[in-house]
1. If you check each cysteine of the chain for another cysteine whose beta-carbon is under 4.7 Å away, which ones come up empty?
2. Taking neighbour counts of Cβ atoms within 10 Å as a proxy for exposure, in what order, fewest first, do TYR57, TYR81, TYR149 appear?
3. Taking LYS92 as the anchor, which aspartates and glutamates have their alpha carbon closer than 16 Å to its alpha carbon, excluding any fewer than eight residues away along the same chain?
4. Once the other residues with Cβ under 14 Å from the Cβ of ALA77 are scored (Lys, Arg +1; Asp, Glu -1), what is the net sum?
5. Given labels modelled 7 Å from the Cα in the Cβ direction, how far is it in nm from ILE21 to LYS63?
6. If you add up the charges near ALA2, with Lys and Arg at +1 and Asp and Glu at -1, over every other residue whose beta carbon is less than 13 angstrom from its beta carbon, what do you get?
7. Where the only charges are on Cβ atoms (+1 Lys, Arg; -1 Asp, Glu), what is the dipole of the chain about its Cα centre, to the nearest 20 debye?
8. Compute the length gained on full extension between ILE193 and LEU84: take 0.36 nm times their separation in residues and subtract their Cα-Cα distance, giving the result in nm to one decimal.
Amino acid sequence: MAVNDTWQLNVIGVSGGTQHIHTLHFRELGGDFTGEDLIGSWRTAAETAYRAHFASYDAVIGKITAQKVCGSVPLPAASEYIALPGAGNGTKAVGGDNQMPSFCAALVTERGTLQGRSRSGRFFLGGLFEADVDGNALTAGEVTRIQAYCTALKTAFIDPTLPDWRLVTHSRKLADTGISCELSSTPVGQLLISSRPTTMRSRKWGSGL
């Protein structure tokens, strides 16, 4: 454990019959934390808002893993949390609405505090329904749900003066040059929600086959 080491958090579940993986990166600020600590911090701060984005019958949190990806070697083994059946389901009531294809998603840009493509990132939130989209735009209700999750992340991992964990973007390209973890990851300054739905090629049927 060391100050400024970088960790990767994966929230793994199923949405619309397809595996859904949500990935975030964090900088360790306390210097004596474990993967279990990171998982607990995300669950306390953001799990409720995350689940509210997904249908109540989708087990979007089946497993959460936390793995240090930059720091002194040897790196510790990944920590895991396994949700009890039903405990990781979404909480959105969808009625008789049709679910959109699994490759359709909302997009959130992680705007870094420094310039450059390697200093910013993004994440996708799947599980969209037809009622969440109006033409080429997300509905106000859908944007509100995404904003609630972004606000939870911002309150816990961006705004605090001395948080235990800081939300960052991690560049493997920069890390491969041998620079320090503090330089290969960049603090996130803003979370920007795209008003338009987008697609993820990796989740399209037949992709990679």
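1. That list is CYS104, CYS150.
2. Details: TYR57 10, TYR81 18, TYR149 23.
Ranking TYR57, TYR81, TYR149 by Cβ neighbours within 10 Å, fewest first, gives TYR57, TYR81, TYR149.
3. Leaving aside aspartates and glutamates fewer than 8 places away in the same chain, those within reach of LYS92 are GLU47, ASP58, GLU130, ASP132, GLU142.
4. Working: positive: LYS68; negative: GLU36, GLU80.
Local charge sum for ALA77: -1.
5. Label-label distance for ILE21 and LYS63, simple model: 1.1 nm.
6. Working: positive: ARG27, LYS68; negative: ASP5, GLU28, ASP32, GLU182.
Here the charged neighbours net out to -2.
7. Working: 19 positive and 18 negative charges, 124 e Å.
Roughly 600 debye for the chain.
8. Between ILE193 and LEU84, full extension yields an extra 36.2 nm.
Every number in this text was worked out from the coordinates using simple rules, so none of it is lab data. Quantities reported herein were computed from a predicted structural model and do not represent experimental measurements. Every residue, glycine as well, gets a Cβ built from its backbone with ideal geometry; the counts of neighbours run over all protein chains shown.
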